[in-house]
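Enquirer: Dropping the structure in here first, questions after.
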């Protein structure tokens, strides 16, 4: 019987497609040889879709569901009652069923209450932070309220060190809820100073855990989530100047070095040939914080309907299975990774079983996985990706656009720029804005071409494709409706949420 492959998922945060030198060919003035190595020794994807924000990207990957189903398009403020629900299975829970050790290291961002932590959702261990970096440094802002009670009520949790246990701890924190079957240790706040080196802590813990599993001859699933390169970037003095460009680029070089440490450990342990490696990120760049921001050739940024927020780098390596130097142009998504990784581990029926109702890691689930098994496509056994459709969901949980094969239909567009992207509403269109995403991949024709609207009128029949796709998708929500309403920064919604107590958990 073939030995189950280890699975090593390596992610950055808000990484730009163009910041990886395999994609830009070094045009940004520095190189990322370790990230490049994964693509060169395996496959890179040109049409790979994450989501529009941190929470949505991570939730779509680990749950294999469209974020509109889980409600995890954003989780809101610290202590919010939106987070990863017990009814939604994770890749970790599915792999536990197959005998895998599971560890998560780095940024989580799927809810900060105890019931949302990774160690009650299939992970044996978790060491990391729960928010984006600029939220973590809010307590150090000069005008942050000095009253300790304010921070106690509204401040973020620190870097957590958690372990799953069989013992059910009834201890209940008034803000973070019941501990449950895990131990939770707060190692202290993620201060601006600690941000300079926190990825060193995360990497060291991940390396030690990986070595522990390898020595025990235990197949493992390790999800490594660097805090780089989310705004704001803080670079240790020892690393300044590494890129020859600027502090942001210096930090990107350090991020690449840390990815290299993870890859080198596989070689050192002699397990590289039996380990699937993926490199990617949660969403596209946040252009509004430039020069402390990533770059992409695609239009606009995260939290929009445009490709720049969605199309991300994705590299895969599996020696002997994925041909080195492979370039894949088919549509792929984070949502596909649940059935894909389970198939690689030997379970090709997980989606069908979950649709009918199945037990994973001792817990009952019944969900509709939206992902496709991409393993045959990655390994060259299939010539085409099974995915033909992408739904673009806003962080408010609304459908902004659809891609059906070569055509994209924008139903609502973000016309604001800079920080106003986060404040201004989307403009709902009376007629979809049509893009041929192959011929106009950077979505420039509508504002550059004198004849774009003539072309669009001639391609209105393409919208019939969209109607069929939407009808099928809606039908799936009849039996499997959204789990929860997405978090909101709208004042009325926030006030209603704050007025609603967290539900009691058994």
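The values are calculated or read from the model by the stated rules, or taken from the named source; none is laboratory data. Note that the coordinates shown come from a computational prediction; the quantities given were computed from them, not determined experimentally. FYI the Cβ positions are ideal-geometry reconstructions off the backbone, even for glycines, and counts take in every protein chain you see.
Enquirer: Residue by residue through the stretch 17-37, note down the ones that are under 25 Å from residue 267 (Cβ atoms) and surrounded by fewer than 24 Cβ atoms within 10 Å (Cβ to Cβ).
Expert: Within the stretch 17-37, 21, 22, 23, 26, 30, 31, 33, 34, 36, 37 meet the criteria.
Enquirer: Further question: Is it true that some residue in the stretch 334-345 is in the same structural domain as residue 62 (by TED's automatic domain parsing), surrounded by 16 or more Cβ atoms within 10 Å (Cβ to Cβ) and either without any contact (Cβ under 8 Å) to a residue 12 or more places away in the chain or under 23 Å from residue 24 (Cβ atoms) (or both)?
Expert: For the stretch 334-345, residues in the same structural domain as residue 62 (by TED's automatic domain parsing), surrounded by 16 or more Cβ atoms within 10 Å (Cβ to Cβ) and either without any contact (Cβ under 8 Å) to a residue 12 or more places away in the chain or under 23 Å from residue 24 (Cβ atoms) (or both): present.
Enquirer: Select from the stretch 111-168 the residues that are within 22 Å of residue 361 (Cα to Cα), part of a loop (DSSP other than H, G, I, E, B) and touching a helix residue (DSSP H, G or I) at 6+ places or on another chain (Cβ under 6 Å) and list them in ascending order.
Expert: Scanning the stretch 111-168 gives 122, 123.
Enquirer: Examine the stretch 43-65 for a residue that is buried (at least 22 other Cβ atoms within 10 Å of the Cβ), farther than 24 Å from residue 389 by Cβ and in the same structural domain as residue 176 (by TED's automatic domain parsing), and state whether such a residue exists.
Expert: Scanning the stretch 43-65 turns up no residue that is buried (at least 22 other Cβ atoms within 10 Å of the Cβ), farther than 24 Å from residue 389 by Cβ and in the same structural domain as residue 176 (by TED's automatic domain parsing).
Enquirer: Further question: Assigned to a strand (DSSP E or B), in the same structural domain as residue 238 (by TED's automatic domain parsing) and more than 21 Å from the chain's Cα centre (by Cα): is that true of residue 185 in this structure?
Expert: Yes, satisfied.
Enquirer: Out of curiosity, is residue 295 touching a helix residue (DSSP H, G or I) at 6+ places or on another chain (Cβ under 6 Å), modelled with pLDDT of 95 or more and more than 27 Å from residue 89 (Cα to Cα)?
Expert: Yes: the conditions hold for residue 295.
Enquirer: Among the residues that make up the stretch 282-291, is at least one of them in contact (Cβ under 8 Å) with a residue 12 or more places away in the chain, within 20 Å of residue 44 (Cβ to Cβ), in contact with a strand residue (DSSP E or B) (Cβ under 6 Å, 6 or more places away or on another chain) and assigned by TED's automatic domain parsing to the domain that holds residue 100?
Expert: Within the stretch 282-291 (the criterion being in contact (Cβ under 8 Å) with a residue 12 or more places away in the chain, within 20 Å of residue 44 (Cβ to Cβ), in contact with a strand residue (DSSP E or B) (Cβ under 6 Å, 6 or more places away or on another chain) and assigned by TED's automatic domain parsing to the domain that holds residue 100), the answer is no, since none of the residues qualifies.
Enquirer: Looking only at the stretch 136-147, decide whether some residue is more than 26 Å from residue 196 (Cα to Cα) and assigned by TED's automatic domain parsing to the domain that holds residue 344.
Expert: Yes, there is a match, as at least one residue in the stretch 136-147 is more than 26 Å from residue 196 (Cα to Cα) and assigned by TED's automatic domain parsing to the domain that holds residue 344.
Enquirer: Another question about this same structure. Could you say which residue among 430, 415, 439 is modelled with pLDDT under 95 and either surrounded by fewer than 17 Cβ atoms within 10 Å (Cβ to Cβ) or in a loop (DSSP other than H, G, I, E, B) (or both)?
Expert: Result of the check over 430, 415, 439: 430.
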